[in-house]
Each structure stands twice: as C-alpha cells, then as structure tokens.
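> Before I ask anything, let me first share the structure, which is written out below as structure tokens.
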C-alpha cells in the first residue's frame, strides 16, 4: 500500500500548487512567486485557459481526484482490491499526457517556463511511476 | 505490507503537507493583500520612443499614480472593477492625484487588447475601452474570438468602426506597444499590476485605502 500512500501525499502537494495557480488566475493572489521569471508569461498565455476554464483548475480537480482515490484505496474494504491502483494508473497517465503537452507548449510555443507548472508535471509523473510500480508488483504484494 | 507502515505516521505526513500548503498560501495571499511595496530611487524616466501612457486627471494634481497593467491580467481586471471607480471619483476627480495607465504586454496575446485600446484612444475613447476590456475580461479571453469582441466594445463605446478597423488592420501601434513593453521591463517591472506612486512602487493590486494612503504620503513628501 506504500504506493497509494505516496500517491496520496504527492497528489496533496500537487493540489496545493494547482490551488495557488488557480487563485492567482482568479486575481486573488499577489504577484506570482517565480524564480524562472516566466510564470506570468505562461499563466497569461492563451494556453492557460482551456474551454473557458483556467488550466490550473484542471490540475486542481485532477490532483483532488487522485488524492481521493488514493485515500479510498487505503480504507479497509478497498485495501486488498486492485481497483484503486488501476484507477490511479489510468488517471495519472491522463495527467502525464496533459502535463507533457503543457510542457511542450512552454518549451516550443510560449518560450517561457513556469516553475509551478514544472513542479506539477514532475509530481504527476512521479505519481504515475509509483502507481504503475505498485500495480506491477501487486500479486507479490498481496501474497 | 500495509501493516508495516504506521498509518498514524502517514496521516501525520498528510497533515503536515496541509499545514505547510495552507500556510504558504495564506502568506502569499496576505503579503500586503496581494501586493509588495518597494521604495524606488527616482521616478522612472519615459524613453523617447516608448509611449508615456494614457492620462486621466489634472496636470496640476500633486501626485501621479502610474499603473503598469496588462488587459489579460486577472488582478488588473479585479483592480479596475473593484478599486477603479473609487480611485477615479475620490482621487482623480477631486484633483488629489492624476492617473497614468501604461500598457505592459506580458506576452504576445497581450498585444491585441492593448492595440484595440490604442485604436480606440485615437478617437478619444481610451478609458471607455479600458473599462470594457477590463470589466469583460473573462468573456473575451474565453471567447476564442477576441478581435470580434474588441470590435463590439469599440462600437459600444462610440468609436467610428471604419477608423478603428483601419487602425487595427495596419497594426498602427504594434511597434509602440512592444517598445513600451521593453522599456517598462528594463525599469525592473516584471509583473502586473505594478503602481508607481511618488517614490514608491507597489507590486500587485491593492485596496483603495492603501492607494489613498500612498498618495497622501507621496503628496506630503512632494511639499
């Protein structure tokens, strides 16, 4: 179950980072803290909004969902079931693809880097790797 | 395997993440209500090729508030909606301060709304266009057809659309907007909104009371 615990902790971290970007996008934060210097460029680009909703909010929802699945998978009746781990892999793989696309936009289209976006991308990639490893090792783990 | 890991430790780690995350957000939020005030050595001179900005208020007002803003910036929109009317009515119209708006294009998609505002300004409709762009920011950013929205705003504020269209098609102010952006960036400004009030520079949107306090301070220092 260590992979679900790790996924829960990482998704919680990702949730707060996405919450920060979402609140900033709504104008509820001060200047964006940014050591790379490109955060505002990225967050104000046309790619920062998808279907009328800030991209950061998709991250917020995604990390919240991953967190809930991870926690649910640590509760009694779900602990021995494989389902939550499969769901974690599926959800995080979608997140990885989305994050890869956003990272590509930063590198090749916007030409600016947002450190918080990179943190989110690394976090979701790690959740995917950890979840996949947990799933692959599943028979041994439960034996 | 699960039994090997103490669940209490796990929930303790989650609790720590929540406390640290919430604390960091609270600090970011409360850092001057979304703002940081710095003292600058001297007013930033405006370069010869850059645009000095759009001015509202009396030339004889003792204090000038210079706002560096981007029409695509959420905090700029919030400031325009929530604090703008008070600033205009209680500081500008009373002759206490003069307002200068300098467009700061943070990225390429900031150029179009600034250009639309410049074309409206040609016809003496800058502030009306400014309000339309700021107040309806969420609409045109999400519309996918911002140029159409800008044109609608230009019509609504009473601009001659023939003139407006020609101005937009020519990209008449594109170079000026870029030069101004470069100059503002060279003066050390990297985020919006940023306000210069006397020798004070404020990063981030601030409530009206803070604007008034800074204006009073700048007026006292100018005497």
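Values in this text are rule-based calculations from the coordinates and carry no lab data. In this text the structure is predicted, and so the values were computed from the model without any measurement. Reconstructed Cβ throughout: ideal geometry from the backbone, glycine too, with neighbour counts over all protein chains shown.
> Could you line up B:221, B:163 from fewest to most neighbouring Cβ atoms inside 10 Å?
On the way: B:221 11, B:163 14.
Fewest-to-most ranking of B:221, B:163: B:221, B:163.
> If one computes P(r) from the Cα atoms of chain A, what percent of pairs lie at distances over 24 Å?
On the way: 3384 of 10153 pairs.
More than 24 Å apart: 33 percent of the Cα pairs in chain A.
> Next question, about the same structure. Using only Cα positions of segment A:60-102, each an equal point scatterer, no hydration layer, compute I(q)/I(0) via Debye at q = 0.17, 0.25, 0.30 Å⁻¹ and quote the log10 values to two decimals.
Each listed q maps to, in turn, -0.47, -0.82, -1.01.
> Measuring from label point to label point, each 7 Å out along Cα→Cβ, what is the residue A:101 to residue A:47 span in nm?
For the pair residue A:101/residue A:47, the computed spacing is 1.1 nm.
> Can you give the mean number of other chain Cβ atoms that lie within 10 Å of the Cβ atoms in peptide B:15-23? Don't jump to the answer; show the numbers that get you there.
Numbers: counts 1, 2, 8, 3, 0, 2, 7, 2, 0.
Partner Cβ neighbours, averaged per residue: 3.
> Arrange A:85, B:187 by Cβ neighbour counts within 10 Å, fewest through most, would you? Walk me through the intermediate numbers first.
Working: A:85 26, B:187 19.
Ranking A:85, B:187 by Cβ neighbours within 10 Å, fewest first, gives B:187, A:85.
> Same structure, new question: Between B:28, B:16, B:120, which gets the highest mean-square fluctuation from a Gaussian network model of chain B, Cα cutoff 10 Å?
B:16
> Anyone know which of B:197, B:141, B:206 comes out most mobile in the 10 Å Cα GNM of chain B?
B:141
> Here's another thing I want to ask about it. How crowded by other chains is B:190-200, given as the mean number of beta carbons from other chains within 10 Å of each beta carbon? It would help to have the intermediate numbers written out before the result.
Numbers: counts 8, 6, 3, 1, 1, 0, 0, 0, 0, 0, 0.
For peptide B:190-200, the averaged partner shielding equals 2.
> Provide the FRET efficiency to the nearest 0.05 for the residue B:122-residue B:199 pair, computing r from the beta carbons and using R0 = 41 Å.
Details: r = 33 Å, r/R0 = 0.81.
Approximately 0.80, to the nearest 0.05.
> Nearest-5 percent of antiparallel DSSP beta bridges in the protein assembly as shown?
Values: 17 of 24 bridges.
Looking only at bridges with both residues in the protein assembly as shown, the antiparallel portion is about 70 percent.
> Calculate the mean, over all residues of peptide B:106-112, of how many other protein chain Cβ atoms lie within 10 angstrom of the residue's Cβ. Please report the intermediate quantities before stating the final value.
On the way: counts 6, 12, 6, 6, 3, 0, 0.
Mean shielding by partner chains, rounded to a whole number: 5.
> So, one more: On the Cα set of chain B, report Rg and Dmax in Å, please.
Both quantities, over Cα of chain B: 21.2, 76 Å.
> Translational diffusion coefficient of the protein assembly as shown at 20 °C, 1.002 mPa s, Stokes-Einstein with Kirkwood Rh over Cα pairs, in µm²/s as a whole number.
Numbers: Rh = 22.6 Å.
The calculation lands on 95 µm²/s.
> Turning to a different aspect of this structure: Say we join alpha carbon atoms closer than 10 Å with springs in a Gaussian network model of chain A; which of A:11, A:48, A:22 then has the biggest fluctuation?
Its mean-square fluctuation being the largest, the pick is A:48.
> Quick check on segment B:100-209: what are the equivalent-ellipsoid semi-axes from the Cα gyration tensor, as sqrt(5λ), descending, whole Å?
On the way: eigenvalues 124, 51, 36 Å².
Those come to 25, 16, 13 Å.
> Based on other C-beta atoms within 10 Å, arrange B:20, A:129, A:110 from fewest to most.
By the 10 Å Cβ count, ascending, the order reads B:20, A:129, A:110.
> Moving to a separate point now. Quick one: which of B:67-76, B:130-139 comes out on top by average Cβ neighbours within 10 Å, and what's the full order, highest first?
Details: B:67-76: 26.1, B:130-139: 18.9.
Ranking the peptides B:67-76, B:130-139 by packing returns B:67-76, B:130-139.
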